[in-house]
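The values are calculated or read from the model by the stated rules, or taken from the named source; none is laboratory data. Fair warning: this is a prediction, and the values are worked out from it, not measured in the lab. When we count neighbours, we look across all protein chains shown, and the Cβ atoms used for this are built from the backbone with ideal geometry, even at glycine.
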Amino acid sequence: MKKLVKSTLAVIALATFISQAVNAQSSISQKNSRERILQVLDQSRPNDYVPAAFFLHFENKLGRKAVEDHKAFYRATNMDFVKVFYEIVVPTVDIQSGKDWAKVPVYGEDFFAPQVAVIADLAREFGGEAFILPTVYSPLALAGQTLGRGQRQNFKKYIEEDPKAFGQAIKNLSLSIENYLRAARKAGADGFYVSSQGGDGKSLDPKIWKEQVRQWDKHVSEVAAEIGLINILHICDYGTPYQNAEALYEYADYPASIINVPLKFADGSILNLKEAQKRFGRPIFGGLERLGVIAKGTIEEAKAEVDKVLENASPNFILGADCTVPGDTDWEKLRAVIDYTHTWRQTHKK
């Protein structure tokens with residue numbers, strides 16, 4: 001009997017020891033994604049857990065199928081927040097000259113209802129465990145949609161024909177975006193992934209950017225900061241690379257919790273992630289090129305690139321890409337890279 005008791009006690013003791021060891025190893029993983037992201041925002045101490053996320057567009061843009069695509073992708077990849085893709089296109093306006101920019105209206109909350117419905121469904125599903133962060137396009141991007149594909153080649157010409165009329169259009173589109181932000185927040189969005197673009201000078205004369213566009217581009221971030229719990233500022237260089245890293249810091253006065261940055265510049269230079277985090281004074285999200293190994297390489301090649309990024313990133317950092325990855329990117333590879341990233345600081349301690 002005594003032997004049985006001793007044996008039982010030994011088994012219990014061993015089980016207790018194993019349980020304590022496992023709990024010690026996984027104390028971070030027990031936190032939900034909301035808590036993990038908030039820990040990264042606290043830059044007073046380094047983080048053992050590295051959040052990660054990648055984005056790609058889905059075939060289904062709106063409606064229940066879009067919700068299911070977002071859910072499947074979030075679960076399959078184990079990423080740390082739910083990024084809701086923006087898929088609403090503003091109507092084409094008949095613009096034949098610069099003065100026609102005055103025709104661009106302000107769109108109310110009802111216009112964005114199909115997109116807000118997707119946000120509401122995802123917030124109900126995941127709002128307790130992860131931040132719900134819908135994408136927000138810039139007023140300049142919406143101005144391009146307003147012009148329509150057939151007139152895109154005249155975009156710069158029409159802007160320069162009547163900069164003030166264009167500035168009014170940008171204001172109206174920014175106020176439209178504000179309506180979207182407020183509707184999305186009421187529907188359960190925690191904050192926003194705000195895409196800002198235009199300061200690179202390719203689409204706009206720098207004077208027009210500063211006088212007619214910048215304040216309304218920034219207004220989107222200001223509203224997001226006013227109503228959101230947490231926001232990511234995505235400095236978008238899609239198709240128009242910035243000259244160098246200094247060009248990014250023009251956005252340093254935009255309010256945002258996290259900054260998502262381009263990595264390569266027109267002058268051939270490459271972003272220093274630690275320097276960027278220091279200059280912005282906020283955590284950086286990114287590190288990988290959207291068309292690099294995460295899209296084209298093997299899992300092992302992608303992990304090797306993660307090693308390089310995290311060795312040179314600040315302790316409070318979120319791994320991701322500089323923009324949306326291609327739609328045919330392998331979800332299993334994304335999951336492998338995200339899981340590898342989550343424990344990287346624990347497995348690579350010096």
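Can we say ALA321 is on the phi < 0 side of the Ramachandran plot and touching an Asp or Glu at 6+ places or on another chain (Cβ under 8 Å)?
Working: on the phi < 0 side of the Ramachandran plot: yes; touching an Asp or Glu at 6+ places or on another chain (Cβ under 8 Å): yes.
Taking the combined requirement at face value, the residue satisfies it.
Report the residue count in region 43-78 for those that are surrounded by 21 or more Cβ atoms within 10 Å (Cβ to Cβ), of a type outside the set (Phe, Trp, Tyr) and in a loop (DSSP other than H, G, I, E, B).
Counting residues in region 43-78 that are surrounded by 21 or more Cβ atoms within 10 Å (Cβ to Cβ), of a type outside the set (Phe, Trp, Tyr) and in a loop (DSSP other than H, G, I, E, B) gives 3.
For region 79-106, name all the residues that are in a loop (DSSP other than H, G, I, E, B) and closer than 30 Å to PHE54 by Cα. If you could, list the steps in order and put the result at the bottom.
Kept after step one, since they are in a loop (DSSP other than H, G, I, E, B), are these residues of region 79-106: 79-80, 85-97, 104-106.
Once the filter is applied, which keeps residues that are in a loop (DSSP other than H, G, I, E, B) and closer than 30 Å to PHE54 by Cα, region 79-106 yields MET79, ASP80, PHE85, TYR86, GLU87, ILE88, VAL89, VAL90, PRO91.
Residues ALA169, ALA189, ALA184: which one is farther than 20 Å from CYS236 by Cα, touching a residue at least 40 places away in the same chain (Cβ under 8 Å) and not in a helix (DSSP H, G or I)?
ALA189
Return the only residue of SER44, SER33 being of a type in the set (Gly, Ala, Ser) and either touching a Leu at 6+ places or on another chain (Cβ under 9 Å) or in contact (Cβ under 8 Å) with a residue 40 or more places away in the chain (or both). Let's see the steps before the verdict.
Values: SER44 fails: either touching a Leu at 6+ places or on another chain (Cβ under 9 Å) or in contact (Cβ under 8 Å) with a residue 40 or more places away in the chain (or both).
Result: SER33 is the single residue among SER44, SER33 that is of a type in the set (Gly, Ala, Ser) and either touching a Leu at 6+ places or on another chain (Cβ under 9 Å) or in contact (Cβ under 8 Å) with a residue 40 or more places away in the chain (or both).
Identify, by number, the condition in (1) surrounded by fewer than 13 Cβ atoms within 10 Å (Cβ to Cβ); (2) modelled with pLDDT under 90 that GLU300 doesn't meet.
(2)
Which condition number in (1) assigned to a helix (DSSP H, G or I); (2) polar (S, T, N, Q); (3) closer than 19 Å to PHE81 by Cα is the one that GLN346 fails?
Tallying (1) assigned to a helix (DSSP H, G or I); (2) polar (S, T, N, Q); (3) closer than 19 Å to PHE81 by Cα, GLN346 fails exactly one: (3).
Looking only at region 215-246, count every residue that is more than 20 Å from the chain's Cα centre (by Cα), modelled with pLDDT under 95 and either more than 17 Å from LEU263 (Cβ to Cβ) or not in a loop (DSSP other than H, G, I, E, B) (or both) and tell me the total.
Residues that pass the stated criteria total 1.
Looking at the structure I just gave you, is LEU319 within 19 Å of the chain's Cα centre (by Cα), buried (at least 19 other Cβ atoms within 10 Å of the Cβ) and part of a strand (DSSP E or B)? Break it down stepwise before answering.
Numbers: within 19 Å of the chain's Cα centre (by Cα): yes; buried (at least 19 other Cβ atoms within 10 Å of the Cβ): yes; part of a strand (DSSP E or B): yes.
Considered against the rule, which asks whether it is within 19 Å of the chain's Cα centre (by Cα), buried (at least 19 other Cβ atoms within 10 Å of the Cβ) and part of a strand (DSSP E or B), LEU319 comes out as yes.
Filter region 337-350 down to the residues that are hydrophobic (A, V, I, L, M, F, W, C) and at pLDDT 95 or above, then identify the one that is surrounded by the most Cβ atoms within 10 Å (Cβ to Cβ).
This residue is VAL337.
Name the residue, out of GLY281, GLY287, that is touching a Leu at 6+ places or on another chain (Cβ under 9 Å), within 21 Å of LEU38 (Cβ to Cβ) and either free of Cβ contacts under 8 Å to residues at least 40 places away in the same chain or surrounded by fewer than 22 Cβ atoms within 10 Å (Cβ to Cβ) (or both).
Of the residues listed, the single one that is touching a Leu at 6+ places or on another chain (Cβ under 9 Å), within 21 Å of LEU38 (Cβ to Cβ) and either free of Cβ contacts under 8 Å to residues at least 40 places away in the same chain or surrounded by fewer than 22 Cβ atoms within 10 Å (Cβ to Cβ) (or both) is GLY287.
I'd like to check which helices (runs of 4 or more DSSP H) are fully inside region 107-164 and have at least 1 residues that are under 24 Å from the mean Cα position of the chain (by Cα).
By residue number, 113-126, 139-147.
So, in region 247-260, of the ones that are assigned to a helix (DSSP H, G or I) and of a type outside the set (Asp, Glu), which residue ends up nearest to SER174 (Cα to Cα)? I'd like the intermediate steps shown before the answer.
The first filter runs over region 247-260 and keeps only residues assigned to a helix (DSSP H, G or I), leaving 247-251.
If we keep only those that are of a type outside the set (Asp, Glu) as well, we get 247-249, 251.
Values: ALA247: 23, LEU248: 21, TYR249: 22, TYR251: 17 Å.
Looking at the filtered set, the residue picked out is TYR251.
Taking the stated definitions as given, is GLY228 touching a residue at least 40 places away in the same chain (Cβ under 8 Å) and either over 22 Å from GLU160 (Cα atoms) or not acidic (Asp, Glu) (or both)? Working first, answer last.
On the way: touching a residue at least 40 places away in the same chain (Cβ under 8 Å): yes; either over 22 Å from GLU160 (Cα atoms) or not acidic (Asp, Glu) (or both): yes.
So GLY228 passes the test.
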